[in-house]
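S.K.: What follows is a structure written as structure tokens; I'll ask about it next.
The values are calculated or read from the model by the stated rules, or taken from the named source; none is laboratory data. These figures come from a predicted structure and were not determined experimentally. So basically every Cβ, Gly included, is an ideal-geometry build from the backbone, and we count neighbours across all protein chains shown. Accessible surface areas use protein heavy atoms only, side chains included; no ligands, DNA or RNA. Shrake-Rupley method; radii C 1.70, N 1.55, O 1.52, S 1.80 Å.
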Amino acid sequence: MDIKQLYTDLILEYNQDMTNRRTIENPTVHEHGHNPNCGDDIDISMVVENGVIKDIAYTGSGCAISQASTAMMMELVKGRTLEEARHLVNLFLGMIRGDVTDDSQLEELEAACTLKDISKMPVRVKCAVLAWHTLDMILDRLGKDKKK
């Protein structure tokens, strides 16, 4: 199987993954993300206990890349500390910007590292980063709340 087919198969698999596509009752935090360029729309809810992401879920609609990237992110950050999640968000966004290219670093992103070539498709970048930017907003808000 060639790498392009593997990439396509992973996008399709994660696009159809319903594991974390649901609503969380009484989340610790909730954030809405929207891409006005294409209409991708996402709501992320998260339960945080003692600085650990105990549960994370999303609802919304969007293209296959947007939905697959979201499912990959959910799988990656669930059970991690907020600091670990922040590191992974920064790593993913750095990969998409082309700032992080070292494959050994990118392995931390697990399945999400397959999206690294999205940076060569500028029209699709916002699709791939929507959930990651939304999680970044959540982490910023939680950081500000912690300082109060």
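S.K.: What's the number of the only condition in (1) open to solvent by less than 30 Å² (accessible area, probe 1.4 Å); (2) at pLDDT 95 or above; (3) not aliphatic (A, V, I, L, M) that residue 66 fails to meet?
M.R.: (2) is the only condition that residue 66 fails.
S.K.: Filter region 24-41 down to residues that are in contact with a Ser or Thr (Cβ under 6 Å, 6 or more places away or on another chain) and of a type outside the set (Gly, Ala, Ser) and give me whichever is surrounded by the most Cβ atoms within 10 Å (Cβ to Cβ). Give the derivation first.
M.R.: Residues of region 24-41 that are in contact with a Ser or Thr (Cβ under 6 Å, 6 or more places away or on another chain), as a first pass: 24, 27, 30-31, 33, 40-41.
Restricting the remaining residues to those that are of a type outside the set (Gly, Ala, Ser) gives 24, 27, 30-31, 40-41.
Details: 24: 18, 27: 18, 30: 14, 31: 20, 40: 23, 41: 16.
Residue satisfying both the conditions and the ranking: 40.
S.K.: Continuing with the same structure: Give me the pairs: first residue in region 26-47 and closer than 13 Å to residue 70 by Cα, second residue in a loop (DSSP other than H, G, I, E, B), beta-carbon distance under 6 Å, and six or more apart or on different chains, which are they?
M.R.: Final answer for the pair search is 40/62; 45/24; 45/27.
S.K.: Considering only region 69-148, give the helices (runs of 4 or more DSSP H) lying wholly within it that have at least 1 residues that are among the hydrophobic types (A, V, I, L, M, F, W, C) and touching a Ser or Thr at 6+ places or on another chain (Cβ under 9 Å). It would help to see each step written out before you state the result.
M.R.: Working: elements: 82-97, 103-106, 122-147.
Of the helices (runs of 4 or more DSSP H) lying wholly inside region 69-148, those with at least 1 residues that are among the hydrophobic types (A, V, I, L, M, F, W, C) and touching a Ser or Thr at 6+ places or on another chain (Cβ under 9 Å) span 82-97, 122-147.
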